[in-house]
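**Q** For reference, the structure I am asking about is given below.
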Amino acid sequence: MILGTAGCLICGVDEAGRGPLAGPVFAAAVILDANNPVEGLADSKKLTEKARDRLAPLIRERALAWAVACASVEEIDAMNILQATLLAMCRAVQGLARLPDEVLVDGPHCPRLDLPVRAVIKGDSTVAAISAASILAKTARDAEMLRLHELHPQYGLDRHKGYPTAAHLAALREHGVIGIYRRSFAPVRNLLNKA
């Protein structure tokens, strides 16, 4: 696991919510404190919800800087999910209270930043700051999906978090497409075309 050295501020960046049919895409940026580590960091997808919920406040408390940002459903539909994800990543880095020396981004794509930036394949498993960012992005997005569930309980967003499960697609067919849905995504677009 790459931690970064005390003299070099590494910012990890990751996203959550590229695949769902509903809701914003989130990104987080985290600069960890080498002198105040967080034990148990890992790719958020490999952690239980309980573990993520335990780690997220520790990350926010111990990090030198962190920020969470998103790109809206409207932005996703206007520019495509990849560009919207990169926009959310830019917003997260720009939201940091201090500037890092280098930004490490999970995956093959880098946002355009006025800082050194590097893509790291499987970075959420190998770079501690990216793992931390993946946890903050995932917990923030899950919280938003729970908020949307309170407003629209008929879609079951609390269970599938917007992903295209069979139950979700059935609810979408029954209740129709509302503003929280990404109209550029094929299952939603196909339903709208049939209407």
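**Q** Give me the mean projected area, in nm² to one decimal, of the convex hull enclosing the Cα positions of the range 25-139. Provide the component values of the computation, followed by the final result.
**A** Numbers: hull surface 27.1 nm².
With the hull built on Cα positions only, its mean projection is 6.8 nm².
**Q** To continue, here is another question. Picking from Pro116, Thr126, Leu192, whose Cα lies most toward the positive end of the charge dipole for the chain (charges on Cβ: Lys, Arg +1; Asp, Glu -1)?
**A** Ranked along the dipole, the leading option is Leu192.
**Q** Something else: Take Met89, Met79 and order them by how many other Cβ atoms sit within 10 Å, fewest up front.
**A** Details: Met89 32, Met79 15.
The order, fewest Cβ neighbours first, is Met79, Met89.
**Q** Among (1) 143; (2) 110; (3) 215, find the value of volume of the Cα convex hull per residue in Å³ that was calculated from the structure presented, and write down its label.
**A** Entry (2).
Just so you know, all these numbers are worked out from the coordinates, no wet-lab data involved. Please read all numbers here as calculations on a predicted model, not as lab measurements. Backbone-built Cβ (ideal geometry, glycine too); neighbour counts: all protein chains shown.
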